[in-house]
């Protein structure tokens, strides 16, 4: 996930944005639906990255 956070942060900065989004798709069929759909905000490289796990 660190690589994705860094990539979104760099992309957002190039576009002059202070917020970006990282969508993580869980490919494990065994993960309960209750554990999916988490949303959290993380700060990296001066950019707020909203991480959504689905």
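Each value in this text was obtained by applying a stated rule to the coordinates, not by laboratory testing. Values in this document were obtained by computation on a predicted structure and should not be read as measured data.
Add -39500 (n - 2.57) for each DSSP H run of 4 or more in the chain, then divide by its residues: what number comes out at 222 nm, to the nearest 500 deg cm²/dmol?
Mean residue ellipticity at 222 nm (helix-derived): -7500 deg cm²/dmol.
Nearest 5 is fine: what % of DSSP beta bridges in the chain come out antiparallel, could you say?
50
What does the convex hull of the Cα atoms of the chain come to per residue, in Å³, rounded to a whole number? Walk me through the numbers before you get to the answer.
Working: hull volume 3.5 nm³, N = 54.
Cα convex hull per residue, to the nearest whole number: 66 Å³.
Quote the relative contact order of the chain in percent (integer), defining contacts as alpha-carbon pairs under 8 Å separated by 6+ residues.
Over the chain, the number comes to 43 percent.
On C-alpha positions alone, give me the angle between the axis of helix 2-14 and the longest principal axis of the chain, in degrees, nearest 10.
40
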